[in-house]
Amino acid sequence: MRFALLFRDFASNIHSKPLIRNRFIHKAFFHATRTILQTTESPPPAEGFLPGVEQSKFIKSTQEEALKNPELANTGVANGETKRMNMFQAINDAMGIALTTDETAVIFGEDVAFGGVFRCTLGLAEMFGKDRVFNTPLTEQGIVGFGIGMAAMGHTAIAEIQFADYIFPAFDQLVNEAAKYRYRSGGLFNVGGLTVRSPCSAVGHGGHYHSQSPEAYFTHTPGLIVVMPRGPIQAKGLLLASIRNRNPVIFFEPKILYRAAVEEVPVGDYELPLGKAEILKSGKDVTVVGYGSQLYTLERAIQLAEKDIPGLSCELIDLRSLLPWDVDTVANSVNKTGRLVISHEAPQTSGFAAEVATCIMERCFLRLEAPIQRVCGLDTPFPLVFEKFYVPDMTRCYDAIKEVVNY
């Protein structure tokens, strides 16, 4: 009954409009962006700049590179077509496929009917109708509570929290309701059809309310799945897997990659495995672990370290899923290399790197050649003008690699 009054009007008029003062801005932005997408095969220009992404060896810029991925072998797209997409377009494509293949699927959130602030839902309301892609009131706990209700009644509910920094009003709904729904009913009921998408992490100018990485708050919660992709191909496959997984999923999207990461993405329907890490680069001396946009910083740090230290060989692992996370892949790597460096944007204290470090210490203690290094954000609120000092950059990651090698 907590949200009965809140959604009394919403239930009868589910397609809420944006605030009057924003209406003309939304219309102009929507039509301008749609015109760009309809008149060009190329993604719109990048608005967020992240060093190393365009030159990254992990960005699949040709069809041959994209389809070579062994995880696509049994998906039906291995011999299919690809299309050049940035990450927001790949996410949009995934949601379009989800709506096409599942008649119970709906998308809702603040301004999603107009494409959303990052354009991830652009054109979906026009394609599938306002009964399936619709705006909500500005209330995060209401959005997730509504999604829990829809999922409990058998719908596939795809909710958007406009920024991860504002997911905290929905914390109780996610942790005490969605995560425990199946357990408290003895398996009789579940809300496995719920997926909550949310843009996260630094973008260069977001400050303390539009830059946070809150993933560790939720990885402490049994019953949830937590995912964070590194690029368009991964985002599409992991999002489709998240939507179809019969557990509630929080899908964090590094917002700086929406336009900065551009790949040849398979146009068909495919899923990538949840709970499985990917070894991006094999090596024998140091295991380096990250996820999301931080992987590109780690790639550059590895390149510098291997250039400066003759014979050095680093192994880079993308966790992709944080709950559950693939401890076996990381442990196998550390048993081989004897050294581990973990990096993420979130603050260090109680960050996800601490969980990784502890598990690997328990499993690989006798094989470790150096103390495990964590390279993380600082234990302060996310700053605006000092962002470049807060976010773990290439130099800090390079220093950590050098530290474990020279120990």
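Summary of computed values
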{"item": "Sole residue being buried (at least 20 other Cβ atoms within 10 Å of the Cβ), farther than 17 Å from Gly116 by Cβ and among the aromatic types (Phe, Trp, Tyr), chosen from Phe189, Phe218", "result": "Phe218"}
{"item": "Checklist (1) open to solvent by 40 Å² or more (accessible area, probe 1.4 Å); (2) more than 30 Å from Arg259 (Cβ to Cβ) applied to Ile148, failing item", "result": "(1)"}
{"item": "Residues that are of a type in the set (S, T, N, Q) and either open to solvent by less than 10 Å² (accessible area, probe 1.4 Å) or touching a residue at least 24 places away in the same chain (Cβ under 8 Å) (or both), drawn from region 324-338", "result": "Thr329, Ser333, Asn335, Thr337"}
{"item": "Count of region 172-186 residues which are polar (S, T, N, Q) and either surrounded by fewer than 22 Cβ atoms within 10 Å (Cβ to Cβ) or over 18 Å from Gly149 (Cβ atoms) (or both)", "result": "2"}
{"item": "Test: residue in region 319-326 that is part of a strand (DSSP E or B), outside the structural domain of Ile225 (by TED's automatic domain parsing), out of contact with any helix residue (DSSP H, G or I) (no Cβ under 6 Å at 6 or more places or on another chain) and at pLDDT 95 or above", "result": "yes"}
{"item": "Residue list for region 194-227, filter: without any contact (Cβ under 8 Å) to a residue 60 or more places away in the chain and within 13 Å of Lys255 (Cα to Cα)", "result": "Ser198, His210"}
{"item": "Qualifying residue in region 163-171 (condition: over 22 Å from the mean Cα position of the chain (by Cα) and buried (at least 16 other Cβ atoms within 10 Å of the Cβ))", "result": "no"}
{"item": "Test: residue in region 292-306 that is in a loop (DSSP other than H, G, I, E, B), open to solvent by less than 10 Å² (accessible area, probe 1.4 Å) and not assigned by TED's automatic domain parsing to the domain that holds Glu54", "result": "yes"}
{"item": "Residue within region 217-233 that is modelled with pLDDT under 95 and at positive phi present", "result": "no"}
{"item": "Helices (runs of 4 or more DSSP H) contained in region 122-235 and holding at least 3 residues touching a strand residue (DSSP E or B) at 6+ places or on another chain (Cβ under 9 Å) and farther than 26 Å from Met85 by Cβ", "result": "140-152"}
{"item": "Residues located in region 255-273, provided they are within 22 Å of Leu295 (Cα to Cα) and either free of Cβ contacts under 8 Å to residues at least 60 places away in the same chain or not in a strand (DSSP E or B) (or both)", "result": "Lys255, Ile256, Leu257, Tyr258, Arg259, Ala260, Ala261, Glu271, Leu272, Pro273"}
{"item": "Count - residues of region 95-114 that are assigned to a helix (DSSP H, G or I), open to solvent by 20 Å² or more (accessible area, probe 1.4 Å) and more than 24 Å from Thr139 (Cβ to Cβ)", "result": "3"}
{"item": "Residue in region 273-322 that is nearest to Leu257 (Cα to Cα), counting only those that are under 18 Å from the mean Cα position of the chain (by Cα) and among the basic types (Lys, Arg)", "result": "Arg320"}
{"item": "Which listed residue, of Gly207, Gly237, is small (Gly, Ala, Ser), modelled with pLDDT under 95 and under 28 Å from Gln55 (Cα atoms)", "result": "Gly207"}
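Residue-wise test of (1) open to solvent by 70 Å² or more (accessible area, probe 1.4 Å); (2) hydrophobic (A, V, I, L, M, F, W, C).
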{"site": "Cys314", "(1), (2)": "no, yes"}
{"site": "Leu322", "(1), (2)": "no, yes"}
{"site": "Ala354", "(1), (2)": "no, yes"}
{"site": "Glu362", "(1), (2)": "yes, no"}
{"site": "Leu378", "(1), (2)": "yes, yes"}
{"site": "Lys388", "(1), (2)": "yes, no"}
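The values are calculated or read from the model by the stated rules, or taken from the named source; none is laboratory data. Because the structure is a prediction, the values reported are computed rather than measured. Reconstructed Cβ throughout: ideal geometry from the backbone, glycine too, with neighbour counts over all protein chains shown. The protein model used for the area step is the full one, side chains on, heavy atoms only, and it has no ligands, DNA or RNA in it. Shrake-Rupley method; radii C 1.70, N 1.55, O 1.52, S 1.80 Å.
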